[in-house]
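Structure record follows, encoded as structure tokens.
The values are calculated or read from the model by the stated rules, or taken from the named source; none is laboratory data. Worth saying up front: this structure is predicted, and the values here are computed from it rather than measured. Backbone-built Cβ (ideal geometry, glycine too); neighbour counts: all protein chains shown.
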Amino acid sequence: MSAATTPSIWRGAVRLIAQRIGLAFVTLLLVSAVIFTLSSLLPGDAAQEVLGRGASPEQVAALRHQMGLDRPAPVRYVEWLFGIATGNPGHSLVANEPVAEIISERLPNTLTLAALTTLVAVPCAFLIGIASAVAQGRKLDRLLNILTLSMVALPEFLVATIAVLILAVKLQWLPSITLVPKDPTFGQFVRAYAMPVIVLGVGVIAQLGRMIRAAIIAELGRPYVEMARLKGVKSMRMVFRHVLPNAIGPIVNAMALSLSYLFGGAIVVETIFSYPGLASLMVNAVTTRDMPLLQACAMIFCATYLLLVLIADTVAILANPRLRQR
Amino acid sequence: MVDVFSTDVSRRTLLGGLAAGLAASGVGAAERRPRVGGRIRVASVAASTADTLDPAKGNLSTDYLRHYMIYSGLTQYDGQMRGQPCLAEQMVTRDNIVWHIRLRRGVHFHDGKPLTADDVVYSLMRHRDPATGSKVKAIADQFVGARRTGPLELELRLTGPNPDLPIILAAPQFLIVEEGRRDFSKANGTGPYICAAFAPGIRTIVRRNPHYWKPGRPYLEEIELIAIPDEISRVNALLSGDVQMVNAVSPGSVKRVRASSTHAIMETQSSLFTDLIMRRDHPVTGNPDFVLAMKYLMDRELIKRALFRGFATIANDHPIAPFDPNFNPDIPQRPFDPDRSRFLLKRAGLQGVRLPVYVSPAASLSVDMGSILQEHAAQIGLELAINRVPSDGYWSTHWMKHPLTFGNVNPRPTADMVFSLFFQSQALQNESGWSSARFDRLLVEARATTDPARRKAIYGEMQWIVHQHGGLGIPVFISLLDGYDRRLRGLFPIPLGGFMGYTFAEYVWWDA
């Protein structure tokens with residue numbers, strides 16, 4: 001790499017990344033429009049849901065007016081869009097609270113769970129992926145393959161139910177629901193989160209482990225690996241020094257997908273462990289037809305997803321000289 | 001003038017009733033005395049961002065539980081669903097229209113403010129204001145006006161006679177708040193517990209109110225109320241000791257709970273029912289022979305045995321349950337009779353007809369009831385197509401909007417209420433859209449009748465009319481099942497709902 005070409009390399013990368021960010025915003029806008037349209041197609045509205053079955057048409061009409069639901073949909077959408085652009089996601093139709101406040105209570109929960117699961121799952125996945133790739137075709141690889149494949153195949157609710165029956169009901173080692181006390185001690189914290197992290201982790205470890213294995217095996221067949229081997233590089237050193245940096249692009253992409261799943265896809269775990277996170281909040285918003293809350297949740301999920309993919313792309317671009325220079 | 005409390009049931013009977021309840025639940029009030037102390041966690045079915053501290057807006061079981069912990073009403077239910085004195089010491093009326101209410105002396109709100117007639121007037125009349133968003137506005141519309149007649153006395157005037165007022169006022173929405181209270185981000189009541197923390201959709205924590213006006217009560221130091229929507233998770237949480245009481249245990253889980261030596265089930269017989277709705281405005285389902293044919297086609301025994309494992313009471317196509325004081329025992333039980341059904345269908349010329357039935361998990365177990373009905377219908381030459389639709393949006397899009405749908409009616413404290421809400425021809429929730437001039441006349445007549453025996457006779461005839469001509473097939477009344485830790489004592493069923501009609505918090509104590 002000569003000194004003269006260095007600035008252009010980075011300029012290329014920056015342009016690519018800026019493009020991605022621009023596209024992300026367009027995607028967000030489109031998603032918000034789609035969510036708004038789809039949710040208005042749902043039967044019933046917040047006024048009906050709040051008042052329940054026994055309400056008279058007059059009561060519903062009055063509440064609808066009070067909530068501003070009688071105004072045309074495009075007007076409501078544009079208003080909401082301006083609100084969110086200025087950082088105000090509006091007021092919940094059902095709870096007597098601003099949407100930002102409701103979310104600020106749930107978002108830390110979701111972040112904690114996602115972060116803990118990542119912390120546990122990613123190292124495990126790397127361990128399994130690398131071990132199995134290095135031992136490709138041998139007994140250890142076959143064993144790990146069977147293990148990860150069955151972990152992928154097991155539905156979350158089944159893992160969760162079995163884990164609860166054994167660990168909580170029979171042995172009473174862990175609580176069956178995730179209730180984190182205020183200012184928990186370290187022990188309380190670990191006990192509370194153990195079960196949901198295990199259950200969420202199972203799927204993530206298996207998926208990610210398999211992706212890592214595939215990415216490393218693809219690299220292991222390359223000529224440069226052959227060359228390094230001939231030069232006498234030890235297997236562990238080769239994987240960490242030579243193979244991993246080249247396989248990092250696809251691995252980071254797989255990680256981004258897995259982690260974004262931890263954000264919005266934790267609904268089963270949130271339901272079973274009665275954990276107040278964002279996914280169940282969004283389901284709640286759908287059933288009560290609380291549009292501002294629903295929209296805000298959807299935006300958060302979408303933005304997280306885009307952010308993670310963006311990070312993955314950036315890493316891939318920076319790690320790949322060919323993309324960097326384009 | 002008649003004091004409804006002293007003529008109907010005295011306070012002594014109330015205490016007697018409670019003691020009987022304690023004994024019935026196997027607590028043995030004689031050997032163990034309730035003691036103060038203990039913290040428990042209780043899980044109900046549903047919580048959402050719509051959770052509220054405003055009694056008027058209470059909509060779900062979790063709301064009712066929370067509100068009965070924090071607030072008190074003018075009256076309260078006993079195990080026989082009668083309205084017993086609570087904040088009201090005396091309720092006197094001559095004509096069931098004008099009611100003189102005298103409040104208990106020395107009751108204080110949690111912030112120390114004494115309870116006065118103004119608080120009660122405000123609490124009752126705010127339901128009529130549409131801005132309150134009250135769930136019971138339709139009922140409160142009969143309050144013409146409430147007027148303070150003394151510091152602890154008021155006069156409540158109704159649009160027409162209503163002898164059930166003491167029962168109605170025990171409903172969770174009519175709990176008493178302070179005068180002028182509009183902001184319900186904080187709760188201030190006169191109830192047994194003080195709200196310590198409240199996060200909608202997440203949890204409520206209440207602490208014992210040391211200045212509660214019932215001496216010695218309540219017993220628990222702290223209650224944490226959460227919701228676990230998933231039934232299996234709820235039962236697991238109970239069995240693993242993470243919660244000490246849950247409601248809505250499904251009949252299938254009863255064995256599991258009973259197998260544990262540390263837990264028990266409380267069955268509350270209730271008038272909750274899931275009903276087949278046959279709309280009058282459709283040529284087939286509006287045919288009286290068809291309606292009767294469907295009623296004879298309901299295999300009530302099978303539904304009770306197979307769907308509810310026996311935790312149900314056979315119903316007779318009208319909404320008054322056998323354990324209700326107004327139940328008419330002279331109406332013969334309608335049997336499962338496919339031959340009669342076939343004959344009626346033939347007479348109506350409807351054999352070979354094909355009809356869709358809408359079922360949904362929203363109307364509990366309607367999916368299974370529909371399938372049973374479909375089986376039997378096929379044998380008499382009636383083709384029912386089961387359309388299973390999701391819970392979400394069921395009530396606004398499907399319920400009552402097709403010729404055959406299923407509904408689900410929660411227990412109501414009085415016969416008048418269930419008849420006026422669901423069977424009067426003008427009622428919004430007149431599910432089948434039927435009408436009977438005689439029925440409507442009797443409904444009004446019963447309200448004006450002060451003699452309990454005469455009222456019972458009127459309600460008896462109304463049950464006949466609904467049983468015979470109504471457009472609903474009501475197979476069984478569904479029992480409510482609560483699971484609890486055996487160390488929790490003092491429980492007895494109140495038929496209005498699980499958790500002792502949601503009022504368990506003031507009665508139970510922790511024996512450990």
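Brief remarks on what is shown
- Residue B:196 being within 12 Å of chain A (Cβ to nearest Cβ) and touching a strand residue (DSSP E or B) at 6+ places or on another chain (Cβ under 6 Å): yes
- Qualifying residue in the range B:366-383 (condition: touching a helix residue (DSSP H, G or I) at 6+ places or on another chain (Cβ under 8 Å), farther than 20 Å from residue B:407 by Cβ and among the acidic types (Asp, Glu)): yes
- Scanning the range A:63-90 for residues that are surrounded by 17 or more Cβ atoms within 10 Å (Cβ to Cβ) and within 14 Å of another protein chain (Cβ to nearest Cβ) returns A:63, A:64, A:67, A:69, A:89, A:90.
- For the range B:209-232, the criterion of a residue being free of Cβ contacts under 8 Å to residues at least 60 places away in the same chain, among the basic types (Lys, Arg) and more than 9 Å from chain A (Cβ to nearest Cβ) is satisfied by no position.
- Enumeration of residues in the range B:125-150 that are over 29 Å from residue B:211 (Cβ atoms), away from chain A (no Cβ under 14 Å) and aliphatic (A, V, I, L, M): B:144
- Contact map, the range B:47-61: first residue at the interface with chain A (Cβ under 8 Å from one of its Cβ atoms), second residue buried (at least 22 other Cβ atoms within 10 Å of the Cβ) and among the basic types (Lys, Arg), Cβ cut-off under 9 Å, separation 6 or more or different chains; pairs are B:51/B:66; B:52/B:66; B:59/B:135.
- Those helices (runs of 4 or more DSSP H) lying entirely in the range A:218-326 with at least 2 residues under 27 Å from residue A:204 (Cβ atoms) and touching a residue at least 60 places away in the same chain (Cβ under 8 Å): A:244-264, A:267-272, A:278-287, A:291-319
- Scan the range A:199-240 for residues that are surrounded by fewer than 19 Cβ atoms within 10 Å (Cβ to Cβ) and either β-branched (Val, Ile, Thr) or touching a His at 6+ places or on another chain (Cβ under 8 Å) (or both) and the total you get is 5.
- Looking only at residues in the range B:425-448 that are touching a helix residue (DSSP H, G or I) at 6+ places or on another chain (Cβ under 8 Å) and in a helix (DSSP H, G or I), the one that is nearest to the other protein chains (Cβ to nearest Cβ) is B:443.
- Test: residue B:491 is aliphatic (A, V, I, L, M) and assigned to a strand (DSSP E or B): no
Yes or no, residue by residue, for (1) out of contact with any Lys or Arg (no Cβ under 6 Å at 6 or more places or on another chain); (2) at pLDDT below 95; (3) of a type in the set (Lys, Arg); (4) crowded, with 24+ Cβ neighbours inside 10 Å:
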residue: B:415; (1), (2), (3), (4): yes, yes, no, yes
residue: B:421; (1), (2), (3), (4): yes, yes, no, no
residue: B:438; (1), (2), (3), (4): yes, no, yes, no
residue: B:444; (1), (2), (3), (4): yes, yes, no, no
residue: B:484; (1), (2), (3), (4): yes, no, no, yes
residue: B:495; (1), (2), (3), (4): yes, yes, no, no
residue: B:504; (1), (2), (3), (4): yes, no, no, yes
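- Options A:60, A:94; residue that is of a type outside the set (Asp, Glu), crowded, with 17+ Cβ neighbours inside 10 Å and in a helix (DSSP H, G or I): A:60
- Any hit, the range B:116-129, residues being at pLDDT 95 or above, crowded, with 16+ Cβ neighbours inside 10 Å and among the aromatic types (Phe, Trp, Tyr): yes
- Residue satisfying all of: in the range A:45-62; more than 20 Å from residue B:430 (Cβ to Cβ) and of a type outside the set (Val, Ile, Thr); nearest to the other protein chains (Cβ to nearest Cβ) among these: A:62
- For the residues B:281, B:289, the requirement of being out of contact with any strand residue (DSSP E or B) (no Cβ under 8 Å at 6 or more places or on another chain), among the acidic types (Asp, Glu) and outside any loop (DSSP other than H, G, I, E, B) singles out B:289.
- Among (1) surrounded by fewer than 20 Cβ atoms within 10 Å (Cβ to Cβ); (2) within 12 Å of the chain's Cα centre (by Cα); (3) not aromatic (Phe, Trp, Tyr), the one test that residue A:278 misses: (1)
- The range B:389-418 residues that are closer than 20 Å to residue B:478 by Cβ and facing another protein chain (nearest Cβ under 9 Å), paired with ones that are among the polar types (S, T, N, Q) and assigned to a loop (DSSP other than H, G, I, E, B) (beta carbon under 7 Å, 6 or more apart): B:391/B:360; B:394/B:360
- Looking only at the range B:199-208, residues that are away from chain A (no Cβ under 14 Å) and out of contact with any Pro (no Cβ under 9 Å at 6 or more places or on another chain) come to 1 in all.
Residues checked against (1) assigned to a helix (DSSP H, G or I); (2) within 19 Å of residue A:159 (Cβ to Cβ); (3) under 15 Å from the mean Cα position of the chain (by Cα):
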site: A:101; (1), (2), (3): yes, no, no
site: A:105; (1), (2), (3): yes, no, no
site: A:111; (1), (2), (3): yes, no, yes
site: A:117; (1), (2), (3): yes, yes, yes
site: A:121; (1), (2), (3): yes, yes, yes
site: A:127; (1), (2), (3): yes, no, no
site: A:133; (1), (2), (3): yes, no, no
site: A:144; (1), (2), (3): yes, yes, no
site: A:149; (1), (2), (3): yes, yes, no
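- Tallying residues that are outside any loop (DSSP other than H, G, I, E, B) and either within 12 Å of residue B:177 (Cβ to Cβ) or within 14 Å of chain A (Cβ to nearest Cβ) (or both) within the range B:90-124 yields 7.
- The range A:163-195, subset touching a residue at least 12 places away in the same chain (Cβ under 8 Å) and not in a helix (DSSP H, G or I), residue surrounded by the most Cβ atoms within 10 Å (Cβ to Cβ): A:176
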